[in-house]
Amino acid sequence: MTAKTILTVDDSPSMRMLLRIALTDLGYSVVEAEDGVHALEKLDGLEPDLLITDINMPRMDGFGLISEVRGQGRRGLPILVLTTESSDEKKQRARDAGATGWIVKPFHPDKLATAIRRVLH
Amino acid sequence: MDLDAIQQIFFQECEEGLAGMEGNFAALRAGDRDAETINGVFRCVHSIKGGAGAFGHERLRAYTHQYETLLDLVRNGTLDLTSELLDLVMAAFDLLADHVAAARDGDAVPDDATMLHRLSAATGGSIAATAVAAPQEAPAAPAAASSDDFDDLMAMLGEVAPALAEATTAEASTDDVAASVQVAIDSWRLTYRPTANAFDHGAEPLLLLRELSLLGGLVTSCDCSTLPSLDALDPEYAYLYWEVSLPAYVAEDDIRAVFEFTDACAISLERGPIAGAPAAAEAPAVPDVMVDMDALLASIEIPTPEAKVEPVETQPAAAAPAVAPVAPPAATPSAAPAAMPAADDARSASKTAPAPTAQTIRVDLDKLDRLVNLVGELVITQAMLAQRLSEKDLGGTPELTDLENLTRELQESTMAIRAQPMKTVFSRVPRIIRELEGETGKRVRLEVDGEMTEVDKTVVERIGEPLTHLIRNAVDHGLESTEQRIAAGKSPEGVVRLSAAHQSGRIVITVADDGKGIDRARVRAKAVERGIMHADATLSDEEIDNLIFAPGFSTAAVVSNVSGRGVGLDVVRKNIQALGGRINIQSRDGMGSSFSLSLPLTLAVLDGMIVTVGAQTLVIPLGHIVESLRPTDDVLNRFGPDGSFLDVRGAYVPVLAIADHLSIVDAERDPKKAVLIVVDGDQGQTALLVDSIQDQRQVVVKSLEANFQALNDVAGATILGDGRVALIVDVDSLTARGGPARGAMAKAA
């Protein structure tokens, strides 16, 4: 069985690397993007099983990315938002844009695994 | 790659981010209130916060959190960025830099209590206003229409879902289920209702039910009362909701944790006996229903001919969207074409928007140094080959010229990889100026020019300290106090100009101020007082200016907090020379002073004079050389048996035979038959005695320590065209140790 593909979007290389290590350990295959615009380029021709995105990014932020992705008709794609915000307002905005759920940074790999298990078959 | 290495990358990001923000602050300070400018600062702080949390720097995280809260209020316009607030934001930024440095170096966390208090005071009151969260309510589900057959089917489906959920727990047998029903008499009752558009958001209720079942949960009922008739059914709409009972021993937090990551659902959780015991009692019978599913679905009368009913897969994933296959034909196909043009638009938009950020790649510095080294070897090999060929009268062949050009280009390109813009150094200066303004009470305007000028990474790394010193010196000693400036008819605001430019293969960095200029009378008096010069000596203005670089010289009336840090400009000059550089002063009375640093673009290549001493070939760094001459009797003064001084236009310079210090035999010792090279070192000028000068050219510097061992008076080595190793003379070390001549001078004095 081929590994599930997860697209991670974060402008911080160290955060991307942390995610890559954690996700690879969990047996997923990882594709990375640096921001929303970059993620949309990657999504052109890619059908990931899950999208994990940061919110605050240059060029196109996480909210914009999620709206675009949903607008493209990818409605069944689970999207988890990586956020340091515990504010309800941010979560509300993420959900309004079409996010499936969130992972609050800093995350423990176990927490990441649990969150993924809840949105990915 | 381990966590430490990632953390290093994080700190690199922090530094780049912090350095990048100085430009934003300069713009904000100039009155720019562009949203993206303040947003940039916010993002920078936000990223640091994220990393700080991830790497366990709790104090840094807490600090950035408070800081970010303030920035967020500024960013969304809740707070007006007044100049007072900007001062606070910048002060907080400076402390952030300290915080990051402390976290990186493992030092004590800086005291941020006062700043946290000020930040929180600045955000105070306005937080409450924004913290009101929008109420979260699931949209009301449409009223159920009735169609008897279909409702029955859906009722069945509602019961299948719990069964499927249970099936995912491999160990769950009918007996276990029965047992949990018993336990569940006093238990948790959870109502789980996904929001209507949950499927649009990629949510899958079944996965959450599976999680609950892993906790020991048991689905007691599925409410499908809101399900419309088949023709009104939207397959992508979440109609169903579930009531779940969980054993009393399950912790409430564990249950809530299942839903922690999302709010695309409404849950209510209460404790008590299960209502509607029949629902629980029916549960064990569910597997029978599941067995009947295919037959059941097959027996349904299809309302439209196009609709195709696919058999429901008996795998858990199919449960929740199980309604999809029986969808009205129009729903799914029409949704797709509608979405396609939008997708195309978005894609073409993202394609046409050019990426403004430069494409970069991070490379391990070791790998790069290896490459630089290899190219160095190649240059040497090429030179050896050229020499060998010229011995065979094949020197001028066009192929050899091509190879030479290619090698040189390769070398330059490789050096360019290591090059970094001066910006990394210059961007720290505004902060230094801000601090100096606070310490001295002077008002300073900083002008920066040529910050994109590139120079080798090592030079960039090592230029910071001398440059900081010169900036401090310019503000502290160069600029007058505000009152003095006004009295002199100058603008009350002093100007410090910082610039960098390439000049004939070197980089020239200038620190200039528009202050009072060097007070030569005072410098002279001080130099005499300190015994640096004789009271009767006649010195040119330039020579007096250069006295401030003499060791132990300080003109500040009071040793100030700013420049009086125990190091003088002599240390600056020493550091610059260690980089193969030179420093020059230009000063005009009442108009200001200008310090120019001239540095090589790279430390891997050195401009050197190739000289012969006995059987040895040595390299003397060109940066130190003042002049070379073949002495005549009238400029040579002898002291004692073997000491001598060279008279260089009235100044006496000790003559030092390199051969004595490096134990080279068969070298010329008679200055009149040799060549004297006057060099500028730590201890002033010295005339080095060598047999002859061979050439003047660039050499590739090789570390002796890495390849052999450190030697006194030797800075490194290079490999010559004929394959022989030539040592590079460490001028400072050689002249500081002093020769017999210097000893003789001490005796004479």
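The values are calculated or read from the model by the stated rules, or taken from the named source; none is laboratory data. These numbers were taken from a predicted model, which means no experiment stands behind them. Here Cβ is always computed from backbone atoms with ideal geometry, including for glycine, and neighbour counts include all displayed protein chains. Areas reflect the complete protein model, heavy atoms only, side chains present, ligands, DNA and RNA absent. Shrake-Rupley method; radii C 1.70, N 1.55, O 1.52, S 1.80 Å.
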Counting only residues that are under 48 Å from the mean Cα position of the chain (by Cα) and among the charged types (D, E, K, R), which one in the stretch B:675-696 is modelled with the lowest pLDDT? B:Asp682
I'm trying to understand the selection: among the residues of the stretch B:52-61, which are open to solvent by 10 Å² or more (accessible area, probe 1.4 Å) and either within 8 Å of another protein chain (Cβ to nearest Cβ) or touching a residue at least 12 places away in the same chain (Cβ under 8 Å) (or both)? B:Gly53, B:Ala54, B:Phe55, B:Gly56, B:His57, B:Arg59, B:Arg61
Go through (1) among the hydrophobic types (A, V, I, L, M, F, W, C); (2) open to solvent by 40 Å² or more (accessible area, probe 1.4 Å); (3) modelled with pLDDT of 80 or more one by one and return the number of the condition B:Ala651 breaks. (3)
Considering only the stretch A:5-29, state which residues are more than 13 Å from chain B (Cβ to nearest Cβ), open to solvent by 20 Å² or more (accessible area, probe 1.4 Å) and at negative phi. A:Thr5, A:Leu26, A:Tyr28, A:Ser29
Write out, first by first residue and then by second, each pair whose Cβ atoms fall under 7 Å of each other, whose residues are 6+ apart or on separate chains, and whose first residue, in the stretch B:376-391, is touching a residue at least 24 places away in the same chain (Cβ under 8 Å) while the second is open to solvent by 60 Å² or more (accessible area, probe 1.4 Å) and not in a helix (DSSP H, G or I). B:Met384/B:Asp722; B:Gln387/B:Asp722
So, of the residues in the stretch B:527-555 that are modelled with pLDDT under 80 and in contact with a Lys or Arg (Cβ under 7 Å, 6 or more places away or on another chain), which turns out to be nearest to B:Asn584 (Cα to Cα)? B:Phe553
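Tell me, yes or no, whether the stretch B:39-51 has at least one residue that is in a helix (DSSP H, G or I), more than 14 Å from chain A (Cβ to nearest Cβ) and surrounded by 15 or more Cβ atoms within 10 Å (Cβ to Cβ).
Taking every residue of the stretch B:39-51 in turn, none turns out to be in a helix (DSSP H, G or I), more than 14 Å from chain A (Cβ to nearest Cβ) and surrounded by 15 or more Cβ atoms within 10 Å (Cβ to Cβ).
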In the set B:Gly441, B:Gly489, which member is open to solvent by 10 Å² or more (accessible area, probe 1.4 Å), in contact with a Ser or Thr (Cβ under 8 Å, 6 or more places away or on another chain) and at positive phi? B:Gly441
Breaking point among (1) crowded, with 21+ Cβ neighbours inside 10 Å; (2) more than 9 Å from every other protein chain (Cβ to nearest Cβ); (3) closer than 23 Å to B:Val41 by Cα, for A:Asn56: (2)
List every residue pair whose Cβ atoms lie under 7 Å apart, where the two residues are 6 or more positions apart in sequence or sit on different chains, the first residue falls within the stretch B:718-737 and is outside the structural domain of B:Asn575 (by TED's automatic domain parsing) and closer than 30 Å to B:Ala550 by Cβ, and the second residue, located anywhere, is modelled with pLDDT of 80 or more and among the hydroxyl-bearing types (Ser, Thr, Tyr). B:Ile728/B:Thr718; B:Thr735/B:Thr686
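Matching residues to (1) in a helix (DSSP H, G or I); (2) crowded, with 21+ Cβ neighbours inside 10 Å; (3) touching a residue at least 60 places away in the same chain (Cβ under 8 Å):
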site: B:Asp660; (1), (2), (3): yes, no, yes
site: B:Ser663; (1), (2), (3): no, no, no
site: B:Val679; (1), (2), (3): no, yes, no
site: B:Gln694; (1), (2), (3): no, no, yes
For the subset of the stretch A:84-116 comprising residues that are modelled with pLDDT of 80 or more and at the interface with chain B (Cβ under 7 Å from one of its Cβ atoms), which member is surrounded by the fewest Cβ atoms within 10 Å (Cβ to Cβ)? A:Ile103
Out of all the residues in the stretch B:623-648, which are in a strand (DSSP E or B) and surrounded by fewer than 18 Cβ atoms within 10 Å (Cβ to Cβ)? B:Val626, B:Glu627, B:Leu629, B:Leu636, B:Asn637, B:Arg638, B:Asp647, B:Val648
In the stretch B:418-432, how many are open to solvent by less than 10 Å² (accessible area, probe 1.4 Å) and more than 17 Å from the chain's Cα centre (by Cα)? 0
Residues to consider are B:Thr407, B:Thr414, B:Thr453, B:Thr482; find the one that is surrounded by 15 or more Cβ atoms within 10 Å (Cβ to Cβ), of a type in the set (S, T, N, Q) and over 22 Å from B:Val372 (Cα atoms). B:Thr482
Can you tell me which residue among B:Val562, B:Val572, B:Val558 is at pLDDT below 75, closer than 23 Å to B:Gly478 by Cα and in contact with a Leu (Cβ under 9 Å, 6 or more places away or on another chain)? B:Val562
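Name every residue in the stretch B:390-399 that is of a type outside the set (Lys, Arg) and out of contact with any helix residue (DSSP H, G or I) (no Cβ under 6 Å at 6 or more places or on another chain), in order of residue number.
B:Ser390, B:Glu391, B:Asp393, B:Leu394, B:Gly396, B:Thr397, B:Pro398, B:Glu399
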Which numbered condition A:Val81 misses (of (1) open to solvent by 20 Å² or more (accessible area, probe 1.4 Å); (2) more than 7 Å from chain B (Cβ to nearest Cβ)): (1)
Out of (1) in the same structural domain as B:Val571 (by TED's automatic domain parsing); (2) open to solvent by 20 Å² or more (accessible area, probe 1.4 Å), the odd one out for B:Pro466 is which? (2)
Enumeration of residues in the stretch B:26-38 that are in contact (Cβ under 8 Å) with a residue 40 or more places away in the chain and either within 12 Å of chain A (Cβ to nearest Cβ) or surrounded by fewer than 20 Cβ atoms within 10 Å (Cβ to Cβ) (or both): B:Ala26, B:Arg29, B:Arg33, B:Ala35
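Determine whether B:Tyr67 is more than 9 Å from chain A (Cβ to nearest Cβ), touching a His at 6+ places or on another chain (Cβ under 7 Å), in a helix (DSSP H, G or I) and at pLDDT 85 or above.
For B:Tyr67, the condition - more than 9 Å from chain A (Cβ to nearest Cβ), touching a His at 6+ places or on another chain (Cβ under 7 Å), in a helix (DSSP H, G or I) and at pLDDT 85 or above - is not met.
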